[in-house]
C-alpha cells in the first residue's frame, strides 16, 4: 500500500491515517489517555488503493500498535509468540508450513486486530503478497467464480495463491457440502503448497462444525492460541465515552 507524499500531507492526520487526541485524566481510570481514531478524510482514499482486504479501521496496523498490556491477565507468552511470528516468519513458521489460529468466545477480544497487525508486519518486513478475508466473503467469492464467464477474472484465486492468508471468523460462514469442500480445498491446498494461513474463530478448531479431515488440516496448519476472554473493544468504548462526557461536564 503506497503512502501519499508528505508534501501533500493531510491536515488532520499528516498521512498517518490516524488522528490522535489526549483525553486527559479520566475519572475512574486516574491516568492520562491518548486515543487514536481512523482519519475520516483519508480512510476512503486508502481503502481504494488497499488490496489486502484488511479493514479501514486496521489499515495502518502493525505489531507495535497492539497493546498486550491492555488485558487483565498475563499475556507474555502470547506476545513472545506474536513477535517470533514476525521476526522468524521465513525461517521457522513458513519453513514448517505453520500459521496461527486465534480463538475466544468473547467478542471484541482483539483477535482480528492482532491478526491484522501480524499480517501487515510480515507483509512489509518480507515484501510478500498477503490477503485478509472473512470466511463468509471467501465463500461468496468462490460462489461468484462459479457464475463467471470463461476468461473473466476469478477473484477467489488470490486467496489460494498468496503467500500469507488470514481467514477471519471461521465457523460463522454458511454451512453446506460445497462450502465445506471449498474450505477444505483452500486449507489443504495452501498447506500442501507450503503457504501460511492464519485463522480466527469464536471456538477452538476441534469444536468447528466441519468434518474431521478439514479440522485435521486446520490443526496441522496452525498453532492454536486462546485469546483472553475479555473485551478490549468494550474497555476502549468506555474510555471514549468517559472522555466525551468529561468534555461536557467540565465546562
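Counting the residues of segment 52-74 that are within 18 Å of residue 231 (Cβ to Cβ), within 15 Å of the chain's Cα centre (by Cα) and loosely packed, with under 15 Cβ neighbours inside 10 Å gives 2.
Conditions tested, residue by residue: (1) without any contact (Cβ under 8 Å) to a residue 24 or more places away in the chain; (2) closer than 23 Å to residue 120 by Cα.
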position: 180; (1), (2): no, no
position: 197; (1), (2): no, yes
position: 218; (1), (2): no, yes
position: 229; (1), (2): no, no
position: 234; (1), (2): no, no
position: 237; (1), (2): yes, no
position: 250; (1), (2): yes, no
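Residue under question is residue 159, and the condition is that it be buried (at least 19 other Cβ atoms within 10 Å of the Cβ), over 30 Å from residue 235 (Cβ atoms) and touching a strand residue (DSSP E or B) at 6+ places or on another chain (Cβ under 8 Å); does it hold? Yes; evaluated as a whole, the condition is true for this residue. Residues of segment 175-186 include none that is in contact with a helix residue (DSSP H, G or I) (Cβ under 7 Å, 6 or more places away or on another chain), assigned to a loop (DSSP other than H, G, I, E, B) and either in the same structural domain as residue 73 (by TED's automatic domain parsing) or under 23 Å from residue 97 (Cα atoms) (or both). Among the residues of segment 209-251, those identified as touching a strand residue (DSSP E or B) at 6+ places or on another chain (Cβ under 7 Å) and under 21 Å from residue 104 (Cβ atoms) are 218, 221, 222, 223, 224, 225, 226, 227, 239.
The values are calculated or read from the model by the stated rules, or taken from the named source; none is laboratory data. For clarity, every value in this text was computed on a predicted model and none was experimentally measured. With ideal geometry, Cβ positions are generated from the backbone for all residues, glycine too; neighbour counts draw on all protein chains shown.
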